[in-house]
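Any read-out appearing in this document is the output of simple, stated calculations on the displayed coordinates, not a laboratory observation. Every value quoted in this text rests on a predicted model; they were computed, and no experiment measured them. Positions of Cβ are backbone-derived with ideal geometry, glycine not excepted, and every protein chain shown enters the neighbour counts.
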Amino acid sequence: MPSILKEKIVRRHLTVIALAGLPLVAPHTASAQSETPQLAVGAHAPGAAVKTLSGSPVDLSHYIGKTPVVIEFWAKWCPNCRALEPKMTEARHTYGARVSFVTIAASVDETPAQVRAYAKAHGLIPDVLYDETGAAVDAYGAPGTSYVVVIDRKGSIVYTGAGGDQDLIAAIKPAL
């Protein structure tokens, strides 16, 4: 396994541990200097190579610049993500086709088949993508799961936030 991929996997596991509130001693391969900073509000949203749950490649740039986009970095084990599910559903019903909603499955310990089964059982949005290499996590500087990025139709980031108590309806309004 290439060292850069090993480092991404280590960083993701460290994020999982940190989100769980467990004590942590970081290995030398996950230095603070290697972390990608979060994108600031006003920055242009980047593309990133991810896959559909059936394994087809897709780039996030496919979604950017057409309609406003809401991207959630998600994992099925994440309690904050579960808390956001009804809020995502409410936002989808409120904004309909005026906004694209994309979920990025960003957990290294979940297969596309597991994510697909969960998404189907819980009625998640149709565009659930799989970040196999960590490209989207790195491009957006996602600090962990339940991280939401709202992008306006010009491709500028208008909101970032994390946690299960985000007001997505209000976060999306500036993107319209």
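Listing for the model above:
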quantity: Under 14 Å, Cβ to Cβ, from THR103 - net charge with Lys/Arg +1 and Asp/Glu -1; calculated: +2
quantity: Prolate/oblate/rounded label for segment 87-134 (Cα gyration tensor, a/c 1.5); calculated: prolate
quantity: Karplus-derived 3J(HN,Hα), 6.51/-1.76/1.60, for each residue of segment 128-145, Hz, glycine and proline x; calculated: 9, 10, 10, 9, 4, 9, x, 4, 6, 4, 5, 4, 9, x, 4, x, x, 7
quantity: Pairs beyond 23 Å (Cα-Cα), from LYS51/LYS76; LYS76/LYS154; LYS87/LYS173; LYS66/LYS173; LYS51/LYS173; calculated: LYS76/LYS154; LYS51/LYS173
quantity: Cα gyration tensor shape of segment 43-110, rounded if a/c is under 1.5, else prolate or oblate by comparing a/b with b/c; calculated: oblate
quantity: Summed residue charge, Cβ within 15 Å of GLY161's Cβ, Lys/Arg positive, Asp/Glu negative; calculated: -1
